[in-house]
Structure formats: C-alpha cells, structure tokens
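Just so it is clear, none of the values below were taken in a lab; they were calculated from the coordinates. Predicted, not measured: the structure shown is a model, and the values here were computed from it. Note that each Cβ is placed from the backbone with ideal geometry, even for glycine, and that neighbours are counted across all protein chains shown.
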Amino acid sequence: MIYMETIWPDGKRCAVCFTFDLDAEYVFMGTNPDVANMPRVLTQGDYVWRAGIVERILDLLDEHEIKSTWFIVAMNAVNHPEEVAEIARRGHDIATHGWIHEKISHLSKEEETERRVKCVQAIEDATGYRPVGNRVAGGELSPNTLDILKELDFLYDSSLRGSDLPYKLENGLIEVPSYYEMDDFHLFADYPFGNYKARMLSPETGYQIWTNAFDGYYKYDLCWTTMFHPQIIGKPGNMMLLDRTIEYIKKKPDVWFATARMIAEHWKNR
Ligand SMILES: [Zn+2]
C-alpha cells in the first residue's frame, strides 16, 4: 500500500497517546507528610487497589486494543508488585513518576541521580520492564533532571508543555509533552488541598474538552496525549466517559494509537 507522507508512521495523520499517572495514595503525601494521618484522603488514593481500578482500566484498553503509558510512583511498585506487573504483562509502557511523588527540584545532582536509579530498580524488580520514560511528580524539574535522564539512558521525558508535538531536547532526549487540558484532575478531583476541593464538573464538560481538543490535534496532525489518574478516571462514571471518548476518536480514520515510548522512538528516528 502506498501511504501519503505524514510525520506519523504508515500515513497516519494524528497520534493518540493515553497516559495514566499511577499516584494512588502518594498523590499528595510526597509533598505533604500530614496526609499519612488523613484516613479519608488516603483512602481516596488506596481506592485504586481496593476497588481493582488498574484492572478495570486495563480491561477497557484491551477491549479497544489500545496500548498506553503508565507513569508509576515507585513505592506503588514496591507495595503492589502484582498489580503493577500486570500493566507490563498486558503490553503497556511503564515509566517513572518519582519515589513517593516527592519534590525533587531542591536535590543535588548526586541525590537526584541516586533516587532515580532507585526508582528504575524498584519498577524493574516488580515488572521486569526497564522504564525509559519519565514524568516529574510533585512540582518542577530540577536544573539537572533532563541531564540525569539522558545519563541513565532514558529515551523520553513527558513533563514539559512546550509544543503540540514531540520535540528533541538539546541533549537528545525526546520530549513527549503533556497537556493541562487533558488532565482529569483539573476536572473531577475532590481533595482538600489547593484548588482540588469539590471541583466536580459534568462528564459532558470532560467529553467536550477532550473531544474538542482531539478535533484540533487531528486537524493539525499533532499528538493528543492524556494525563489521566486511575483514582479519578477509574471511577465508574468516569470510565463511561473514557469509553465514550475512545469511541469518538476511533470514528476518525488514520489515528495512530501509541504509547509514549513508541512515539519517542518514532521521533528519535525521524
Ligand atoms: Zn502524579
């Protein structure tokens, strides 16, 4: 078959990358140790494990034959190795997302390197999968983060917001940008911190924001990437929303459903 030349493989005109940040109970604990003494807040995170949310999401992705990327807080791999290994077993890309979802921007280069090595090891021990991607958790990158990733043979980062397409950083690392408009936390999270108190929008609003954004990324041949959190998108009603969103996207021809790793590999070799 002859394909029209596009920036995406096999004549596809748009990339769609579902990513999930598996924070669970560490979502605020890494930056606020008081959370350890807040049972209600903690159960909003460990809900992920008790309610079988990882499997719920994996089943829906399997139904749609979509492979995704999971940015995993390393302590979740230590505490729940079976659930985390299942993500890799079903063919998804696994990437790092902090040790306990902590701030890293104040660490020395040595400390940050050490911690990153520990994250990679914990995830590899649990899953047999060596992560090559990262999304910063709990705040900003340090001045050394991108260099450390490169030195440790990472392929990509997904913390920055600088384009609607992947881009190559100066040190050769590929950036697969994440976008605030595809962050379910901004729409549906209810946590007693910052701006997350009782922020419950209608699923119709989520559907409109995400599908409208998709239309734009599709029109301009770009890379539509989600930043979903299993404790939010995995709620029963939000799963219906996720399903509808996938159905909407699948109606358009020539969409490349890919993991962040696949997208980074493609971009590196362009
Ligand atoms: Zn996170």
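Between the stretch 127-196 and the stretch 211-270, the alpha-carbon centres lie 16 Å apart.
Shown for the chain: lysine pairs separated by 8 or more places, or found on different chains, whose C-alpha atoms are under 22 Å apart, numbering 25. Amide H contacts for TYR191 (H built 1.01 Å from N in the peptide plane; partners 5 or more residues away or on another chain; cut-off under 5 Å): TYR196, LYS197, ALA198, ARG199. Here the residues PHE18, PHE193, ranked from fewest to most Cβ neighbours within 10 Å of their Cβ, fall in the order PHE193, PHE18. With neighbours defined as other Cβ atoms within 10 Å of a residue's Cβ, the residues ASP59, ASP153 order from fewest to most as ASP153, ASP59.
All other residues whose Cβ lies under 11 angstrom from that of ASN79 are scored, Lys and Arg at +1 and Asp and Glu at -1, for a net of -4. Which of LEU152, LEU222, LEU61 ends up with the largest GNM mean-square fluctuation for the chain, with Cα atoms connected below 10 Å? In the Gaussian network model the winner is LEU152. Each Lys and Arg Cβ is given +1 and each Asp and Glu Cβ -1; about its Cα centre, the stretch 20-165 then shows a dipole of about 160 debye.
Computing FRET efficiency as 1/(1 + (r/R0)^6) for VAL117 and ALA51, where r is the C-beta to C-beta distance and R0 is 35 Å, gives about 0.60. Per-residue ellipticity at 222 nm, computed for the chain from helices alone with -39500 (n - 2.57) per DSSP H run of at least four residues, works out to -13000 deg cm²/dmol.
Checking every one of the GluC sites (Glu not before Pro) in the stretch 44-149 against DSSP loop status and a limit of 10 other Cβ atoms within 10 Å picks out GLU65. Fewest-first ordering of TYR191, TYR207 by other beta carbons within 10 Å of each residue's beta carbon gives TYR207, TYR191. Structure remark: mean-square fluctuation, Gaussian network model of the chain, C-alpha springs under 10 Å; the largest value among ASP164, ASP21, ASP34 belongs to ASP34. A simple charge model with +1 on the Cβ of Lys and Arg, -1 on the Cβ of Asp and Glu and nothing else charged puts the dipole of the stretch 9-268 at about 420 debye relative to its Cα centre.
Dipole of the chain computed with +1 at Lys/Arg Cβ and -1 at Asp/Glu Cβ about the Cα centre; of SER68, LEU241, PRO253, farthest Cα towards the positive end is PRO253.
Gain on full extension, evaluated as 0.36 nm per residue between ASN171 and MET200 minus their Cα-Cα distance, stands at 6.4 nm. Just need the relative contact order of the chain here, percent rounded to a whole number, with Cα pairs under 8 Å and 6+ apart. With pairs under 8 Å counted, the relative contact order is 27 percent. The magnitude of the dipole of the stretch 154-244, with charges of +1 and -1 set on the Cβ of Lys/Arg and Asp/Glu and taken from the Cα centre, is near 240 debye.
Among THR226, THR69, THR205, the residue with the largest mean-square fluctuation in a Gaussian network model of the chain, with springs joining Cα atoms closer than 10 Å, is THR205.
Counting only DSSP beta bridges with both residues in the chain, the antiparallel share comes to about 10 percent. Here's the picture: charge each Lys and Arg Cβ at +1 and each Asp and Glu Cβ at -1 in the stretch 9-268, and of PRO177, LEU149, ALA122 the one pushed furthest to the positive end of that dipole is PRO177. Please find the FRET efficiency linking LEU160 to LYS219, where r is the Cβ-Cβ separation and R0 is fixed at 25 Å, and quote it to the nearest 0.05. After rounding to 0.05, the efficiency reads 0.60. Once a ≥ b ≥ c are taken as the square roots of the eigenvalues of the Cα gyration tensor of the chain, is the result rounded (a/c under 1.5), prolate (a/b larger than b/c) or oblate (a/b not larger than b/c)? Taking the square roots of the gyration eigenvalues as a ≥ b ≥ c, the chain is oblate.
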